[in-house]
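Student: Right, I'll just put the structure down here and ask away after.
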Amino acid sequence: MDPIIHRIWLERCMDLFACAKVGFSQLEVPESLRMKAQKNLELWLTSEEFVTYRPQIEWLIQKGDFSGLLDRFFQILPFGTGGRRGAVGIGPNRMNLWTLGASVQGHSDYLKQKFPGKKDITVCLAYDVREFRDKNGRYSKDLPNPILGLSSRDFAHHAAKIYAANGIVSYVLSPTSHSFYATPELSLAIRRFGAQGGLNISASHNPPDDNGGKFYEERGAQPVPPDDQVMADLVENIDRIRIMGWNEALALGLIRYFDESAHRAYLDLCLKGALIDPPQKSLKGQSAFKIVFTPLHGVGSLTAMEILQKRGFEVIPVVEQMAPDGQFPNVTKSPNPEVPESLDRAEVVALAHRADLVLATDPDADRLGGLYPGPDGNWHFLNGQRMAALMTWFKLAKLQEQGRLEHKAVVVKTEVTTRQISKITADFKVQLVGDLLVGFKYIADVIYQLEMTGRFGDVLAAPTDYIIGTEESHGAMVSHQIRDKDAGGAALLLAECALDLKRRGSSIFRQLEELACQHGYFNNIGINILLPGLDGRLKMEKMLDSLRLDPPLRIAGLNVSRFEDLRNPEGKFGPIKGATDASSRNVLVFELGDNARAVLRPSGTEPKAKIYIEASSLPRLSSQTDDEWNQIKAGVDAIAKEIGKDLTKQALVRVGL
């Protein structure tokens, strides 16, 4: 840049910076965060590295949006438990090519440190359908905007160029490919290619304007403490991002393209998990079992839907939701099958076709949602807790029926997943790991420990003894060879469950009732306390700290019989292994007698606190009438509702809300 032009440019930048400083001074935030915001903003205004972002930053300052500006600059987007995720935007506290690039550079350094002297360190890259269109109108439409149109594909290809500059080989879909790669496919590909790591570009079920990148280890799972802390420390200390041109990297063999065999390997593995004979058609070619399916505009049509079709199921698509589209235009409320409203169009199709089951996947096809018909003809939402219990019961029942259920069989679940699974595993006399921290990386770590040592805690088994791992967030891991949530394998398992029940003259509705009668009725409720922005983050920290230091003695009139802080170094998880471990263990458990509990934790991917409530009854007595049993269930529902209401109120009071 010409020296005179550069001087004028710097003067202009400093004028803008002075204006921003005045704006920041009017905000009630800790001084340390204000100073960090000023330091980061000055760098982004004056460094040529960020020159393309300047018009939008200048517009934000002139607009006087100092609260939003401070939120963009007061920190570098946290590198959490395995990656970064958040709103796409401008500034170090947003997802953009710079924040992703710093993450990839740190991951490159981590891989070279972990595998010293190894030639051809390799990673596999996956991405979903997302593309930033500023749906919320955060930026000027009249000025150049380098993040507008930024897609998951763009992020992945940017990452490949950084890996290449560090001498690391990337496997990725070709730029001319119109396909995508789902989360469970990536996990398997890493193991199949013998890669040392992987990167998945996705914000999963988050809003359309979000994106993220999460990193994987050589075993096909996200790293757990302390390994993730080592990676996070390297990322935080990045001062230079290396990058190589695409064509040069391609010519040097540092970028290579996935072929169709990788996708087929995933489909074949899922299909090998089939437990019953495929559905049969009548002499007229009509199917006796129909599934309505929607990928909610994500990649699930390439995984879950294809698996179901290859197994012989008649799959009826929700046509207006089939096209991959990161804006999710025809989805109600959220592209998240955990949200009942997202399945409204699928329910209409199911009613029209008199279907037997509705299945839905989220944008990166790791979560599964569903609806099932009741005897009254209405469709019922299958929440994640009941889905977990149902799939666990079905797989154990079929393996036992086929004489393939060994005494060493292992079922795995996380702390916040229904304890009904504990009753089911006890009934089948199999082993259970049932108190893991939230996240499938911890379920995957159980398999890894079994692989390495033949044990996990008191559980003695091999990886082949693994049956299923579940979490309340509509996730299941049905094969020990895939080390993350897998909607494809779960869709086949749930479809087979519904088909098998129909063949036996039963249904999902009736089987859930039978499980309740046998093990007790369980009601699990999830409550989200939204706390966006910097102010929300500070309130969330204050809320958890207050409840940790001074836990309530009673919730909804019930005595807190036991309080557990999972950060307690003298507790079951031992000393804190680092900041990432502390983050994962920021969990408070309130036991309310034998039949109720509540768990509170901040979300790891969204600006909210999450409360998990469970209330249950004893098993149904043979002497109880239907009316008496229904009254018991209604009582459990009321208790669960009151626990959620009261704990939410107490939590908000702690932060003046």
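The values are calculated or read from the model by the stated rules, or taken from the named source; none is laboratory data. Quantities reported herein were computed from a predicted structural model and do not represent experimental measurements. Every residue, glycine among them, receives a Cβ derived from its backbone with ideal geometry; neighbour counts consider all protein chains shown.
Student: In this structure, does Pro92 turn out to be free of Cβ contacts under 8 Å to residues at least 40 places away in the same chain, surrounded by fewer than 24 Cβ atoms within 10 Å (Cβ to Cβ) and not charged (D, E, K, R)?
Tutor: Spelling it out, it is not the case that Pro92 is free of Cβ contacts under 8 Å to residues at least 40 places away in the same chain, surrounded by fewer than 24 Cβ atoms within 10 Å (Cβ to Cβ) and not charged (D, E, K, R).
Student: If you go through the range 457-476 one residue at a time, how many are within 24 Å of the chain's Cα centre (by Cα) and either more than 24 Å from Tyr216 (Cβ to Cβ) or touching a residue at least 40 places away in the same chain (Cβ under 8 Å) (or both)?
Tutor: Result for the range 457-476: 11.
Student: Here is a further query. Of all residues in the range 417-437 being under 16 Å from Lys485 (Cβ atoms) and surrounded by fewer than 24 Cβ atoms within 10 Å (Cβ to Cβ), which is farthest from the chain's Cα centre (by Cα)?
Tutor: Looking at residues that are under 16 Å from Lys485 (Cβ atoms) and surrounded by fewer than 24 Cβ atoms within 10 Å (Cβ to Cβ), I get Leu436.
Student: Looking at (1) outside any helix (DSSP H, G or I); (2) closer than 25 Å to Leu271 by Cβ, find the lone condition where Ile527 falls short.
Tutor: (2)
Student: Right, something else. Determine which member of the set Val446, Val416 is more than 26 Å from Asn595 (Cα to Cα), outside the structural domain of Arg219 (by TED's automatic domain parsing) and touching a residue at least 24 places away in the same chain (Cβ under 8 Å).
Tutor: Val446
Student: In addition: What's the number of the condition Pro279 fails, among (1) touching a Phe, Trp or Tyr at 6+ places or on another chain (Cβ under 7 Å); (2) on the phi > 0 side of the Ramachandran plot?
Tutor: Of everything listed in (1) touching a Phe, Trp or Tyr at 6+ places or on another chain (Cβ under 7 Å); (2) on the phi > 0 side of the Ramachandran plot, Pro279 misses just condition (2).
Student: Would you point out the residue of the range 188-214, among those that are outside any loop (DSSP other than H, G, I, E, B) and hydrophobic (A, V, I, L, M, F, W, C), that is surrounded by the fewest Cβ atoms within 10 Å (Cβ to Cβ)?
Tutor: My answer is Phe193.
Student: Further question on the same structure: Quick one: is Asp233 acidic (Asp, Glu) and under 30 Å from Ala323 (Cβ atoms)?
Tutor: Answer is no for this residue.
Student: Can you name the residue in the range 178-194 that is touching a residue at least 12 places away in the same chain (Cβ under 8 Å) and under 18 Å from Ser151 (Cβ atoms) and is also nearest to the chain's Cα centre (by Cα) among such residues?
Tutor: Applying the filter and picking the extreme gives Thr183.
Student: Could you list all residues from the range 384-408 that are in contact with an Asp or Glu (Cβ under 8 Å, 6 or more places away or on another chain) and of a type outside the set (A, V, I, L, M)?
Tutor: Gly384, Gln385, Phe394, Lys398, Glu406, Lys408 - these are the residues of the range 384-408 that are in contact with an Asp or Glu (Cβ under 8 Å, 6 or more places away or on another chain) and of a type outside the set (A, V, I, L, M).
Student: Which of the residues spanning the range 29-53 are within 33 Å of the chain's Cα centre (by Cα) and surrounded by 15 or more Cβ atoms within 10 Å (Cβ to Cβ)?
Tutor: Of everything in the range 29-53, those that are within 33 Å of the chain's Cα centre (by Cα) and surrounded by 15 or more Cβ atoms within 10 Å (Cβ to Cβ) turn out to be Val29, Leu33, Arg34, Lys36, Ala37, Gln38, Asn40, Leu41, Trp44, Phe50, Tyr53.
Student: Inside the range 348-396, can you point out the residues that are among the charged types (D, E, K, R) and surrounded by 21 or more Cβ atoms within 10 Å (Cβ to Cβ)?
Tutor: Asp356, Asp362, Asp364, Asp366, Arg367, Arg386, Lys395
Student: Looking at Val299 and the list (1) closer than 20 Å to Ala498 by Cβ; (2) surrounded by 12 or more Cβ atoms within 10 Å (Cβ to Cβ), which single condition is not satisfied?
Tutor: Looking at each condition in turn, Val299 falls short on (1).
Student: Same structure again: Can you tell me which residue is surrounded by the fewest Cβ atoms within 10 Å (Cβ to Cβ) among those in the range 441-495 that are basic (Lys, Arg) and farther than 27 Å from Phe381 by Cβ?
Tutor: Arg455
Student: Follow-up. Helices (runs of 4 or more DSSP H) wholly in the range 299-401 with at least 3 residues that are among the aliphatic types (A, V, I, L, M) and under 20 Å from the mean Cα position of the chain (by Cα) - which ones?
Tutor: 384-401
Student: Separate question: Every residue in the range 173-187 that is within 25 Å of Lys119 (Cβ to Cβ) and surrounded by fewer than 24 Cβ atoms within 10 Å (Cβ to Cβ), please.
Tutor: Result: Leu173, Ser174.
Student: I would also like to ask the following. If you take the residues in the range 65-86 that are of a type in the set (Gly, Ala, Ser) and surrounded by fewer than 24 Cβ atoms within 10 Å (Cβ to Cβ), which one is nearest to Arg130 (Cα to Cα)?
Tutor: Filtering first and then ranking leaves Gly86.
Per-residue answers, yes or no, for (1) more than 25 Å from Ala249 (Cα to Cα); (2) of a type in the set (Gly, Ala, Ser); (3) not assigned by TED's automatic domain parsing to the domain that holds Ile190:
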residue: Asp15; (1), (2), (3): yes, no, yes
residue: Leu27; (1), (2), (3): yes, no, yes
residue: Ser32; (1), (2), (3): yes, yes, yes
residue: Ser47; (1), (2), (3): yes, yes, yes
residue: Leu60; (1), (2), (3): yes, no, yes
residue: Gly64; (1), (2), (3): yes, yes, yes
residue: Ala102; (1), (2), (3): no, yes, no
residue: Gln113; (1), (2), (3): no, no, no
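Student: Here is a list of conditions, (1) surrounded by fewer than 23 Cβ atoms within 10 Å (Cβ to Cβ); (2) at pLDDT 95 or above; (3) touching a helix residue (DSSP H, G or I) at 6+ places or on another chain (Cβ under 8 Å), and Lys333 meets all of them except one; can you say which number that is?
Tutor: (2)
Student: Oh, and also: Residues of the range 144-187 being among the β-branched types (Val, Ile, Thr), part of a loop (DSSP other than H, G, I, E, B) and modelled with pLDDT of 95 or more, which ones?
Tutor: Ile147, Ile168, listed by residue number.
Student: Which residue out of Arg354, Arg367 is in contact (Cβ under 8 Å) with a residue 24 or more places away in the chain and either of a type in the set (S, T, N, Q) or in contact with a Lys or Arg (Cβ under 7 Å, 6 or more places away or on another chain) (or both)?
Tutor: Just one listed residue meets the conditions, Arg367.
Student: If you check every pair at least six apart or on different chains, which have Cβ atoms under 9 Å apart with a residue in the range 308-323 that is over 12 Å from Lys290 (Cβ atoms) first and a residue that is assigned to a helix (DSSP H, G or I) and of a type in the set (Val, Ile, Thr) second?
Tutor: If the second residue must be assigned to a helix (DSSP H, G or I) and of a type in the set (Val, Ile, Thr), the pairs left are Val318/Val348; Val318/Val349; Val319/Val349.
Student: Report the residue count in the range 445-486 for those that are among the basic types (Lys, Arg) and part of a loop (DSSP other than H, G, I, E, B).
Tutor: Summing the residues that are among the basic types (Lys, Arg) and part of a loop (DSSP other than H, G, I, E, B) in the range 445-486 gives 2.
Student: Taking the range 270-288, which residues are closer than 17 Å to Arg503 by Cα and buried (at least 19 other Cβ atoms within 10 Å of the Cβ)?
Tutor: Selection gives Pro279 alone.
Student: Now for a different question. Going by what's in this entry, would Val430 be described as in contact with a helix residue (DSSP H, G or I) (Cβ under 6 Å, 6 or more places away or on another chain) and at pLDDT 95 or above?
Tutor: When the stated conditions are applied, Val430 does not pass them.
Student: Among the residues of the range 277-326, what is the count of those that are of a type in the set (S, T, N, Q) and under 23 Å from Glu185 (Cα atoms)?
Tutor: Result for the range 277-326: 5.
Student: Another question, then. Residues of the range 240-262 being assigned to a loop (DSSP other than H, G, I, E, B) and within 28 Å of the chain's Cα centre (by Cα), which ones?
Tutor: Matches in the range 240-262: Ile241, Phe258, Asp259.
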